[in-house]
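Working notes, beginning with the structure itself.
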Amino acid sequence: MLKLIDVNTYYGNIQALKGIDIEVDEGEIICLIGANGAGKTTTLMSISGIVPPRQGEIFFMGRPIHEMDPDAIVGLGISQVPEGRRIFPLLTVAENLDMGAFLRNDKSEIKKDLAYIYDLFPILAERRHQAGGTLSGGEQQMLAISRALMARPRLLLLDEPSLGLAPMVVRRIFQIIEKINAENRTTIFLVEQNANLALKIAHRGYVMENGRITLADSAASLLSNEAVKKAYLGI
Ligand code: ATP
């Protein structure tokens, strides 16, 4: 579904990605783990076209997307949930969700998706007329994921969904991520510092260090890999 080939991405003179190769199959949950500054967010930004690669190629469903604008990439079915949630704080929950569907005009399907989301996160239905900025951190994360789902993506890019949230809320959000993957066959590309949780729901994982992919394996193998345990799982 998604293929990154020798991707090199820069911020001015700083090279954040140094020739990375990643493949994601349709229906998978893939996680990308690594320390602070390894290049995880930059990988997502390169895929979504926000920080396009200077060299290398990215294919989505067989089409080259590395030179496309971010909105064209969203239009193809890739939605990103940025780190730190970034919902529209002054808009209501319902308005935030409407914004997620701005590229669509299939009204009856949009209505169905909204009902699905309110079923997935009943708290958002309860708070639909409340300003997004007044929600708790966990609720804002739910809203950010839901807003991305309103675009009906085939591939959902999630950047650190656990950041700054209480363990119970994180567990709930990870259960929902698994559910979205299982029920809709939405493919998930998950960037996480919480490697333990991410590897528990992922099918496969990649480990990133200093802008390079250093390991790629099934999530089960990475969970039992001694180097991964020591560096990322605190065991
Ligand atoms: P974290 O887990 O802390 O979010 P990360 O693995 O997502 O880290 P990136 O945010 O992709 O890492 O950063 C990769 C490298 O690129 C780092 O060295 C970082 O300092 C640098 N970088 C990121 N954004 C910018 C920017 N806007 N301008 C300059 N350098 C940047």
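Structure notes:
- Value of [θ]222 nm, deg cm²/dmol, for the chain, DSSP H segments ≥ 4, -39500 (n - 2.57) each, nearest 500: -10500 deg cm²/dmol
- 30 Å Cα-Cα threshold exceeded, pairs from K179/K229; K111/K179; K40/K229; K3/K107; K40/K179: K3/K107
- Hz values of 3J(HN,Hα) by residue in the range 57-63 - Karplus curve (6.51, -1.76, 1.60), Gly and Pro given as x: 10, 10, 10, 10, 6, x, 9
- Using alpha carbons only, the radius of gyration of the range 154-210 set against its Kirkwood radius gives Rg/Rh = 0.95.
- Extents of the range 1-59, taken as max minus min of Cα coordinates on every principal axis and listed largest first, are 36, 24, 18 Å.
- Sorting H129, H66, H203 by accessible area puts them as H129, H203, H66; the probe is 1.4 Å, largest comes first, and only protein heavy atoms count.
- Largest accessible area first, the listed residues K230, K3 line up as K230, K3 when surface is computed with a 1.4 Å probe on the assembled protein chains.
- Across the range 32-39, computed HN-Hα scalar couplings (Karplus, 6.51 cos²θ - 1.76 cosθ + 1.60, θ = phi - 60°) run 10, 10, x, 6, 4, x, 5, x Hz from first to last residue, x flagging Gly and Pro.
- Long-range amide H partners of V51 with built H, under 5 Å: S46
- Residue order for M142, M99 - accessible surface, 1.4 angstrom probe, largest first: M99, M142
- Phi-derived couplings, Karplus 6.51 cos²θ - 1.76 cosθ + 1.60 at θ = phi - 60°, listed residue by residue for the range 125-133: 5, 4, 9, 4, 9, 8, 5, x, x Hz, with x used for Gly and Pro.
- Convex hull per residue volume in Å³, alpha carbons only, for the range 88-127: 62
- Estimated dipole of the chain in Debye, rounded to 20 [Cβ of Lys and Arg +1, of Asp and Glu -1, Cα centre]: 360
- Under the Debye formula (equal points on every Cα, no solvent term), log10 I(q)/I(0) of the chain at q = 0.11, 0.14 Å⁻¹: -0.54, -0.88
The values are calculated or read from the model by the stated rules, or taken from the named source; none is laboratory data. These numbers were taken from a predicted model, which means no experiment stands behind them. Glycine gets a Cβ as well: all are built from the backbone with ideal geometry, and neighbour counts include every protein chain shown. Just the protein is used for accessible areas: all its heavy atoms, side chains included, with ligands, DNA and RNA removed. Shrake-Rupley method; radii C 1.70, N 1.55, O 1.52, S 1.80 Å.
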